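Trainee: Below is the structure I would like to discuss, written out as structure tokens.
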Amino acid sequence: MTSDQKQLRPRLALFDLDHTLLPLDSDYEWGEFTTRIGWTDPAEFGRRNAEFFAHYQAGTLDVHDYVRFATEAFCGRGAQQAGEAHERFMREVITPAIRPQALELLRTHQQAGDQIIIVTATNEFVTRPIAAALGVQELIAVELERDAQGWFTGEIRGTPSMRDGKVQRMQQWLDARGLDWGGVESFFYSDSWNDVPLLERVDHPVATNPDARLRALAQERGWRILDLFGEAP
């Protein structure tokens, strides 16, 4: 490939969501929110939610078990009640947490003409309104099966966008548009060790607010490290 051809390649800027563009975990916070509004038993849900979160941080999460657990409260309440609760969640939890640094980073890529895609392991019900609030139209999230009435069942549809699954889902996205990795220039911003497979796949990996293991790997490999929400401890 010539230098001119490289310059003509479309640019993709991929972003993890939780602890990358947001200084919190939206899936975990949604679970805590459903407890506060009385949808789940505080002690039992809190214990299980914290346990799943620890597994996620350790890279040992069974995503199917977790998604069944995490979606149970809203799947049983129907679209109207769940939608109203999510609007309140956005007002009380997510919107106050959106930082100008994150918006500026997104706008920098958008102004450069880059295609922005949020690639998250959190389910589509929780994250689609968040992506919209950040001004991002393209979202790759854990997709959920729907019943005959079109409402979510709590089961995962297709490949979950977690660990290697993020690479697979991005490959599907590229294939659907007649693209391949060699034909694009790609960036990926993530905080998590779980995202090493996709960080290794892109042209420009950026360890963003990285956890300790990812920070060490980034330093070892010479990847860019971005502490978006302030200096690292």
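Trainee: Working from Cα positions, state the angle (0 to 90°, nearest 10) between the long axis of helix 42-58 and the longest principal axis of the chain.
Mentor: The helix 42-58 is inclined about 20 degrees to the chain.
Trainee: Another question, if that's okay. Using a 1.4 Å probe and ignoring any ligands, DNA or RNA, find the accessible area of GLU72 and quote it in Å² to the nearest 10.
Mentor: Result for GLU72: roughly 120 Å² accessible.
Trainee: For segment 1-159, with all protein chains present and a 1.4 Å probe, just round the carbon and sulfur fraction of the accessible area to a whole percent. Intermediate values should be presented prior to the final figure.
Mentor: Values: 3630 of 7670 Å².
About 47 percent, which is the carbon plus sulfur part of the accessible surface.
Trainee: By how many degrees, 0 to 90 and rounded to 10, does the Cα axis of helix 164-176 deviate from the longest principal axis of the chain?
Mentor: The helix 164-176 is inclined about 70 degrees to the chain.
Trainee: Give me the 1.4 Å probe accessible area per residue for the chain, excluding ligands and nucleic acids, in Å².
Mentor: Using a 1.4 Å probe on heavy atoms only, each residue of the chain averages 48 Å².
Trainee: Once the Cα atoms of helix 26-36 and of the chain are each reduced to a long axis, what angle between those two axes, in degrees from 0 to 90 to the nearest 10, is obtained?
Mentor: With rounding to tens, the tilt is 20 degrees.
Trainee: Still on this structure: For segment 11-220, what is the convex hull volume of the alpha-carbon atoms per residue, in Å³? Walk me through the intermediate numbers first.
Mentor: Values: hull volume 25.3 nm³, N = 210.
Expressed per residue, the convex hull around the Cα atoms of segment 11-220 is 121 Å³.
The values are calculated or read from the model by the stated rules, or taken from the named source; none is laboratory data. Everything numeric here is computed off the predicted structure, so don't read it as measured data. For the accessible areas, the whole protein counts, side chains as well, though only heavy atoms, and no ligand, DNA or RNA atoms are used. Shrake-Rupley method; radii C 1.70, N 1.55, O 1.52, S 1.80 Å.
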